[in-house]
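Undergrad: This structure is in structure tokens; I'll ask about it shortly.
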Amino acid sequence: MIDLHVPSMTCGGCVRAITRAVEAVDPGARVDADLATRHVRVTPATGSAAAFEAALRQAGYPATASVAAPAPAPARAPRKAGGCGCGCAPRVVAAPRAGCCT
């Protein structure tokens, strides 16, 4: 995700113009604008932060981009196995691993 700070974005018309400029670079991009903070978040399909900055500058909306860190992966649910979670308890094993499920 790319976060663009667009100080000159002040109304719905600005949002539409910015959205058109982004989509001209990357038709598959998802654009979410927040007028209160004057930030636009772009989830690109193929475009880059530099390409979006250039398109907005050309459209009259200079912007500063920062690439947002990806969201952390959701925590995994614990395995339903032996007390250690190794997975050997549900199946029949000749001998569990040393120090495991004993």
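The values are calculated or read from the model by the stated rules, or taken from the named source; none is laboratory data. Here the structure is a predicted model, which is why all the values come from computation and not from measurement. Glycine also receives a Cβ, built like all others from the backbone with ideal geometry; neighbour counts cover every protein chain displayed.
Undergrad: Only residues in the stretch 1-19 that are on the phi > 0 side of the Ramachandran plot count as the first member; pair them with residues that are part of a helix (DSSP H, G or I), Cβ under 6 angstrom, at least 6 apart or cross-chain, and list the lot.
TA: As it stands, the answer is none, since no pair meets every condition given.
Undergrad: Check off (1) at pLDDT 95 or above; (2) in a helix (DSSP H, G or I) for G60 and give me the number that stays unchecked.
TA: (2)
Undergrad: For T19, state whether it is of a type in the set (S, T, N, Q), in a helix (DSSP H, G or I) and within 17 Å of A65 (Cα to Cα).
TA: Working: of a type in the set (S, T, N, Q): yes; in a helix (DSSP H, G or I): yes; within 17 Å of A65 (Cα to Cα): yes.
Yes.
Undergrad: Right, next: If I filter the stretch 48-57 for residues that are out of contact with any strand residue (DSSP E or B) (no Cβ under 7 Å at 6 or more places or on another chain), surrounded by fewer than 17 Cβ atoms within 10 Å (Cβ to Cβ), part of a loop (DSSP other than H, G, I, E, B) and at pLDDT below 95, do I get at least one hit?
TA: Within the stretch 48-57, one or more residues are out of contact with any strand residue (DSSP E or B) (no Cβ under 7 Å at 6 or more places or on another chain), surrounded by fewer than 17 Cβ atoms within 10 Å (Cβ to Cβ), part of a loop (DSSP other than H, G, I, E, B) and at pLDDT below 95.
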